[in-house]
Amino acid sequence: MLLALALLALLLAIYTFWEASRRRKATGIPQGHLIYSDTSRWQVQEEPLYDAKLGLTGRPDYIIEDGGYIIPVEIKSSRPPESPYASHILQLTAYCLLIERNFDKRPPYGVLHYRDLNQETRTFAIDYTAQLENELTSTIAEMRIQRDQQETHRSHSSKARCASCGYRSVCDQRLA
């Protein structure tokens, strides 16, 4: 009887570990130690990351420490694209830069995980390169120039982007 209970406990433990691993993979979070979370589910650290030099603030969904590396993870609740969107790559690059400036460790990459309402998923590991870092700082500089202009023009031809824009009601260049 005791042996049967021990075997049952072992099987239950194996199932619990398997289920936890399956659920973690579904979230897009890589293996490692969770050290930061900006989701209501895992409030590990609530403070945003900040870089005074660039005046940049951000909150990645998760930060994982794995093998001495610190990796940002951004979860997107949209239909998984064939390749990640450029704006999402720049957002992830900003998180990599913020991690480097706040933790004094340069992440080798960041993770973008897409999951839609149908539970279709796709995960991308994006290398944090000097080229992406330069593109980010150039984009930030251009945004500041545009912010200080009296008039800024629409930079796209996407009706979907216009439809979800917070300035749509006051924009004289919105698309129908």
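So for the stretch 76-98 (the condition being over 15 Å from the mean Cα position of the chain (by Cα), polar (S, T, N, Q) and surrounded by 16 or more Cβ atoms within 10 Å (Cβ to Cβ)), does at least one residue qualify?
Looking for residues that are over 15 Å from the mean Cα position of the chain (by Cα), polar (S, T, N, Q) and surrounded by 16 or more Cβ atoms within 10 Å (Cβ to Cβ), one finds none in the stretch 76-98, hence no.
Among 66, 51, which is the only one that is at pLDDT below 95 and either touching a helix residue (DSSP H, G or I) at 6+ places or on another chain (Cβ under 8 Å) or of a type outside the set (S, T, N, Q) (or both)?
66
Could you check the stretch 153-166 and list, in sequence order, the residues that are under 23 Å from the mean Cα position of the chain (by Cα) and open to solvent by 70 Å² or more (accessible area, probe 1.4 Å)?
Within the stretch 153-166, 160, 161, 164, 166 qualify.
Looking at (1) within 20 Å of residue 35 (Cα to Cα); (2) touching a residue at least 60 places away in the same chain (Cβ under 8 Å), can you tell me which one residue 115 breaks?
Against the list (1) within 20 Å of residue 35 (Cα to Cα); (2) touching a residue at least 60 places away in the same chain (Cβ under 8 Å), residue 115 comes up short only on (1).
Hey, residue 150 hits all of (1) more than 18 Å from residue 60 (Cα to Cα); (2) surrounded by 11 or more Cβ atoms within 10 Å (Cβ to Cβ) but one; which does it fall short on?
Tallying (1) more than 18 Å from residue 60 (Cα to Cα); (2) surrounded by 11 or more Cβ atoms within 10 Å (Cβ to Cβ), residue 150 fails exactly one: (2).
Which one of the conditions (1) more than 21 Å from residue 63 (Cα to Cα); (2) open to solvent by less than 50 Å² (accessible area, probe 1.4 Å); (3) in contact with a Lys or Arg (Cβ under 8 Å, 6 or more places away or on another chain); (4) of a type outside the set (Lys, Arg) does residue 139 fail to meet, given that it meets all the rest?
All conditions are met except number (3).
Working only within the stretch 107-138, note down all residues that are closer than 21 Å to residue 30 by Cβ, over 15 Å from the mean Cα position of the chain (by Cα) and of a type in the set (S, T, N, Q).
Of everything in the stretch 107-138, those that are closer than 21 Å to residue 30 by Cβ, over 15 Å from the mean Cα position of the chain (by Cα) and of a type in the set (S, T, N, Q) turn out to be 119, 129.
Looking only at the stretch 139-152, which residues are over 25 Å from the mean Cα position of the chain (by Cα), part of a helix (DSSP H, G or I) and of a type in the set (Val, Ile, Thr)?
The answer is 145, and nothing else.
Anything in the stretch 109-122 that is within 22 Å of residue 49 (Cβ to Cβ) and open to solvent by 50 Å² or more (accessible area, probe 1.4 Å)? List them, or say none.
Of everything in the stretch 109-122, just one residue is within 22 Å of residue 49 (Cβ to Cβ) and open to solvent by 50 Å² or more (accessible area, probe 1.4 Å), namely 109.
Does residue 36 satisfy the criteria of being surrounded by 10 or more Cβ atoms within 10 Å (Cβ to Cβ), hydroxyl-bearing (Ser, Thr, Tyr), out of contact with any Phe, Trp or Tyr (no Cβ under 6 Å at 6 or more places or on another chain) and modelled with pLDDT of 70 or more?
Answer is yes for this residue.
Would you mind stating whether residue 102 is more than 26 Å from residue 161 (Cβ to Cβ), open to solvent by 60 Å² or more (accessible area, probe 1.4 Å) and not in a loop (DSSP other than H, G, I, E, B)?
Yes, satisfied.
The values are calculated or read from the model by the stated rules, or taken from the named source; none is laboratory data. It should be emphasised that the depicted structure is a prediction, and the values quoted were computed from it without experimental measurement. A quick note on method: Cβ atoms are made from the backbone with ideal geometry, for glycine too, and the neighbour counts reach across all protein chains shown. Side chains included, ligands, DNA and RNA excluded: accessible areas come from the protein's heavy atoms. Shrake-Rupley method; radii C 1.70, N 1.55, O 1.52, S 1.80 Å.
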